[in-house]
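One structure is given below, encoded as structure tokens.
What follows is calculated from the coordinates using simple rules that are stated; it is not laboratory data. Remember, predicted model here, so these are calculated numbers, not experimental data. All Cβ positions, glycine included, derive from the backbone under ideal geometry; neighbour counts span all protein chains shown.
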Amino acid sequence: MWINSTLKLNLDQDVVDTFKKYAKIGGFLFIILGAIGIFFPTFMTLGTLIFVSYLMLFAGISSATLTWMSNRGDWAGWLKSLLLIAVALYMIFYPMDGVATLGLLFSFYFFMDAFGSFGLGFSAQDTKHKWVWIFNAVTSFVLGVIFLIGWPFTSLWLIGFFVGISLFFDGIALIVGGYAIDDLEEDTREKDAIHNVEENTTKKDKE
């Protein structure tokens, strides 16, 4: 099995080297951004709002362009485009209301994640690990409640705080992933060396 892993690793060595390089760089950048979000959550909230707003604006314009070029009579396509553009412009020109809207979206996401995790946890055949799903469900439910308590005022710092935490741990995961590939390559080289020695020993024994 490890021989196949070695073959794949050799074939994709350039991809692996590129991933290692940018995973570590990206990881450190994510950690810095996450720390900013944790210690200065209001700035991260506004940054998230700007990013989401312009992303929705770009999506709305792209959708409208595609509808114009493919099927100008598609009212559903025009409606989706107009809604995306309208919501994006509303969030850009009324940022405080946009932050409140993002807070509701976050709470909705956490509640949906909680219900889904509860369903998976109670329907899981493997009772040994179902506590993981139930723990995730309880955590998501609590986060959803936290977003609703004090809404819309708490949204101004909660969004940035949680985005900061997410970026911080994503950064750690990227760095760990980059160094894990280093360990995997070292382990693969050791196994290759052992395999070559065994092959040479077998040939000598046959001779």
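If you bin all the Cα-Cα distances of region 26-176 at 5 Å, starting from zero, the percentages per bin are 2, 10, 13, 14, 15, 15, 13, 9, 6, 2, 0.
Which is farthest toward the positive dipole end of region 26-176 among Y94, F58, W68, measuring Cα position about the Cα centre, with Cβ charges +1 (Lys, Arg) and -1 (Asp, Glu)? Working it through, the farthest residue towards the positive pole turns out to be W68. Extension gain for S123 to A86 (0.36 nm times residue separation, less C-alpha to C-alpha distance): 9.2 nm. Here the simple spin-label model places points 7 Å from the Cα toward Cβ, and for V145 and Y109 these points are separated by 2.1 nm. Coupling constants for region 133-143 follow from the phi torsions by the Karplus curve (6.51 cos²θ - 1.76 cosθ + 1.60, θ = phi - 60°), and in residue order they are 5, 5, 4, 4, 5, 4, 4, 5, 5, 4, 5 Hz; glycine and proline get x. For W78 and Y54, a Förster radius of 22 Å and the Cβ-Cβ distance give a FRET efficiency of 0.55, rounded to the nearest 0.05.
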